[in-house]
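Enquirer: The structure's right below; bear with me while I get my questions together.
The values are calculated or read from the model by the stated rules, or taken from the named source; none is laboratory data. Since we're looking at a predicted model, the values are computed, not measured. In this analysis, Cβ positions are derived from the backbone assuming ideal geometry, glycine residues included, and neighbour counts consider all displayed protein chains.
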Amino acid sequence: MDTLVLIASVAVGGIVLLALLNLIARNQPGLDRAYYMDAWQKIHIKSQAEETWALAIIDADKLLDHALRKKNFKGQTMAERMVSAKDVFSRRRLVWESHKFRNQIVHEEVKVTEKKTQAALAGFRSGLRDLGAL
C-alpha cells in the first residue's frame, strides 16, 4: 500500500511539475507590455489619416514580428515564425490575412482603404493579444 501511495505521489508531483514548466515556457520570455502598448498607440494614430493607413499596417506587421522574435518562435522569415506560432493565434486566418495584405502593400499596387486598414489592424491586434503583448 505504501508503495502505491509513493508511486501516486510521484506521478501527481511529476504532472504538476510538467504543467508548471509548460506554463513558464509558454510565457517566457516575457514581453514588455508598456513598449507594445505605446507602439500600438502610435499605430492607432497613424490609422486615423488616409495618407498614413499603409504605414500603420506596415508598422503593425513589424510590431507583431518583433513580438514573435521576442517570444522565440522559430523561423527565418516572419511567415515561418507565424507558422511556428499558429497554435497561439485564436484568429489565425485573420492574422495571416493581415500579414498578406501588408505584403501586397509593400510589393504590389494595392488600394488601401479604411475598411481594409481596420480589418488588417484587427488581425495584428488579435495576434499581439494572443502573444501577451497587448
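Enquirer: Does Val83 satisfy being farther than 21 Å from Gln48 by Cβ and in a helix (DSSP H, G or I)?
Expert: It is true that Val83 is farther than 21 Å from Gln48 by Cβ and in a helix (DSSP H, G or I).
Enquirer: If Val95 passes every condition in (1) surrounded by fewer than 16 Cβ atoms within 10 Å (Cβ to Cβ); (2) at pLDDT 95 or above; (3) not basic (Lys, Arg) but one, which one does it miss?
Expert: (1)
Enquirer: A further question follows. Kindly evaluate Val88 against the criterion of being out of contact with any Cys (no Cβ under 9 Å at 6 or more places or on another chain), more than 17 Å from Glu51 (Cα to Cα), aliphatic (A, V, I, L, M) and in contact (Cβ under 8 Å) with a residue 12 or more places away in the chain.
Expert: yes
Enquirer: Looking at Lys71, Lys111, Lys46, Lys116 in this structure, which one is on the phi < 0 side of the Ramachandran plot and either surrounded by fewer than 16 Cβ atoms within 10 Å (Cβ to Cβ) or at pLDDT below 95 (or both)? Don't jump to the end; show me each part of the working.
Expert: Numbers: Lys71 fails: either surrounded by fewer than 16 Cβ atoms within 10 Å (Cβ to Cβ) or at pLDDT below 95 (or both); Lys46 fails: either surrounded by fewer than 16 Cβ atoms within 10 Å (Cβ to Cβ) or at pLDDT below 95 (or both); Lys116 fails: either surrounded by fewer than 16 Cβ atoms within 10 Å (Cβ to Cβ) or at pLDDT below 95 (or both).
Every option except Lys111 fails the conditions.
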